[in-house]
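The values are calculated or read from the model by the stated rules, or taken from the named source; none is laboratory data. Keep in mind that what you see is a predicted model, and the values were worked out from it rather than measured. A quick note on method: Cβ atoms are made from the backbone with ideal geometry, for glycine too, and the neighbour counts reach across all protein chains shown.
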Amino acid sequence: MRDNQIAPPARRYLTDVVVLGCGAPGLLAALRARRAGLEVTVLDVGDGRDENLLWIPESYHSARNYLDQVLGDATVEQSQRRHDFLQAATSLPQLLAEFGVGLAKTKIRDNYPQLSSASKGRVWRVIYKEKFWNLANAVIDSSVLKMQFLSVAAQEEVSVWSVEGLEDLVWRDGRVIGLRVRRAGTPIIVEANFGVVLSSGGFGQNVKLRRRFLPGTRADRQLEVDGDGCVIEAAVNHGLDLGAMARTWSSIGMQDPLGEGWVDATEAVRAGHSMLVDSAGLRFCDESEPPEVLAERFEKAWLVFDSAHRKTVPLGSLKPGHVPRKAAENGGLRKAKSLEELARVIRAPRLTESVKRFNAMADAGNDLDFGRDWQILGNEENAGIRGRLTQARQSLGSLARRGNGLTNGPFYAVEIRPCDAGTKGGIIVDSQARALRGGEPVPGLYAIGSAAASICELRSPATGTRATERLCGAAQIAF
């Protein structure tokens, strides 16, 4: 198009509800709206994969005490948001069941088990149910929610369009009435009679916003593709209230041995027959600590492990078992026949003595240096110790089938770095997920999923909290 030519007007479409984002939260909102008798259009902007673990407390009061202990003192607004979250979270299983999603309880404990209100059994795994999906029950996949919801959406005639991204919000008389996006390179406007739901947010890939709100952080160490910042830019331009903008979902990661990019290293670090050491080869932490805490303890570390670990624990896309040549050639995974050789390979002169001490503590089931896994005792030091001692010993590797500690060669090392799994910042909402501006709801505009500010600004209470929080927003909209 020449400079003096006028761009053609955007083509307009009309629906009842338009949802930006095709992840699990956006699809859940869309399905709820559809069952309320509304016409729904979902705009797919290429959301990342959804988590398959959810934190769902069975008791409001116990969970509220735990949240307050982890997250700290709260303003009146923050206290209300915690209340709204837990109210929705406790009823989430029933809502998911309506759309063919089942849950199976895990034994994963809360992130801070030393707190008096911490618990084990609040983390649930999402499973398929045959009502809507033609696979066997209990098939597990990291995109299970999205796949399940897409299946239901197809049956209930929810329109899903692929678009390139958000250009702007469309306003009329102080109300948000639609979204301006690009579809197949052409600008379109999708107007909505009922409302606009922003579900896909985040700004981890936006260099400008990252420099403004997260100075000193790195966009090249993300465990998943975060948003491009278009929703945040629109929110800033229109004066919407924002929260948690200076926070990310901190974690620990490693380069995928078989591919490109960073992958989560939490489970590999927590597993038995492994330990974290610094550049000198000295162990420096309790490896079972929450990943967000571990990420604050180092800039670079080595995860050292033996063949028992390699046979049972995946490393990114590298499945347990044999190590293909490509993994070694990529330089991410170091391998040696002996600990002495591995120490030379990674230039960690004190590695051998660290492993020797670690193995002795693994045999005794007592980590004298950092209390690995002993924090699961919490305030129950006088009750149930025998069973919990067994769990602590298992984490150290002393009850595994082959040997104690790191004893079974060959030995391996992989570099571990602080990473993040996306940004926490987003639009502040009320108890019905309505976007706020100056503390007041914006008519016609809702924010859920990664478009909404997280209540877990400082810490993450447990595995699955982020996924639960994002789904709860979809459950709170009053269609």
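Laid out as a table, the results:
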{"item": "Boolean, PHE305 is among the aromatic types (Phe, Trp, Tyr) and under 28 Å from the mean Cα position of the chain (by Cα)", "result": "yes"}
{"item": "Any hit, the stretch 264-274, residues being of a type outside the set (Gly, Ala, Ser), farther than 21 Å from GLY464 by Cβ, over 22 Å from the mean Cα position of the chain (by Cα) and not assigned by the TED database to the domain that holds ARG81", "result": "yes"}
{"item": "Top-ranked residue in the stretch 344-355 [being out of contact with any Leu (no Cβ under 9 Å at 6 or more places or on another chain) and of a type in the set (A, V, I, L, M); ranked as surrounded by the most Cβ atoms within 10 Å (Cβ to Cβ)]", "result": "ILE346"}
{"item": "Where ALA246 falls short, out of the listed (1) part of a helix (DSSP H, G or I); (2) surrounded by fewer than 20 Cβ atoms within 10 Å (Cβ to Cβ); (3) among the aliphatic types (A, V, I, L, M)", "result": "(1)"}
{"item": "First in the stretch 283-295 and hydroxyl-bearing (Ser, Thr, Tyr), second anywhere and buried (at least 21 other Cβ atoms within 10 Å of the Cβ) and in a helix (DSSP H, G or I), Cβ under 7 Å, 6 or more apart", "result": "SER288/SER395"}
{"item": "Hits in the stretch 357-367 - residues which are in a helix (DSSP H, G or I) and under 23 Å from THR312 (Cβ atoms)", "result": "PHE358, ASN359, ALA360, MET361, ALA362, ASP363, ALA364"}
{"item": "Residues of the stretch 77-103 satisfying the condition of being closer than 14 Å to TRP55 by Cβ and part of a strand (DSSP E or B)", "result": "LEU103"}
{"item": "Of the criteria (1) in a loop (DSSP other than H, G, I, E, B); (2) surrounded by fewer than 15 Cβ atoms within 10 Å (Cβ to Cβ), which one ALA74 fails", "result": "(2)"}
{"item": "Every residue from the stretch 85-111 that is out of contact with any Cys (no Cβ under 8 Å at 6 or more places or on another chain), under 18 Å from ARG459 (Cα atoms) and in contact (Cβ under 8 Å) with a residue 60 or more places away in the chain", "result": "ILE108, ARG109, ASP110, ASN111"}
{"item": "Residues satisfying the stated conditions in the stretch 166-186, i.e. of a type outside the set (D, E, K, R) and surrounded by fewer than 16 Cβ atoms within 10 Å (Cβ to Cβ)", "result": "TRP171, GLY174, ALA184, GLY185, THR186"}
{"item": "Selection count where residues are basic (Lys, Arg) and either assigned to a helix (DSSP H, G or I) or surrounded by 12 or more Cβ atoms within 10 Å (Cβ to Cβ) (or both), scope the stretch 314-343", "result": "4"}
{"item": "Given (1) in contact with a Lys or Arg (Cβ under 6 Å, 6 or more places away or on another chain); (2) within 30 Å of HIS309 (Cα to Cα), number of the condition SER251 does not satisfy", "result": "(1)"}
{"item": "Test for VAL277: is it surrounded by 22 or more Cβ atoms within 10 Å (Cβ to Cβ) and outside the structural domain of ARG466 (by the TED database)", "result": "yes"}
{"item": "Any chance ALA63 is within 21 Å of the chain's Cα centre (by Cα) and closer than 27 Å to GLU289 by Cβ", "result": "yes"}
{"item": "Unmet criterion (only one of (1) more than 20 Å from ALA462 (Cα to Cα); (2) at pLDDT 90 or above) for ARG125", "result": "(1)"}
{"item": "Selected residue (only one of ILE252, ILE232 is closer than 21 Å to VAL45 by Cα, in contact with a Leu (Cβ under 9 Å, 6 or more places away or on another chain) and either touching a residue at least 40 places away in the same chain (Cβ under 8 Å) or buried (at least 22 other Cβ atoms within 10 Å of the Cβ) (or both))", "result": "ILE232"}
{"item": "Candidate set: the stretch 210-229, residues that are over 17 Å from the mean Cα position of the chain (by Cα), over 21 Å from ARG180 (Cα atoms) and not charged (D, E, K, R); chosen: the one surrounded by the fewest Cβ atoms within 10 Å (Cβ to Cβ)", "result": "GLY216"}
{"item": "Cross-chain or 6+ apart pairs with Cβ under 6 Å, the stretch 143-163 first and farther than 12 Å from THR41 by Cβ, then surrounded by fewer than 21 Cβ atoms within 10 Å (Cβ to Cβ) and of a type in the set (Gly, Ala, Ser)", "result": "GLN148/GLY100"}
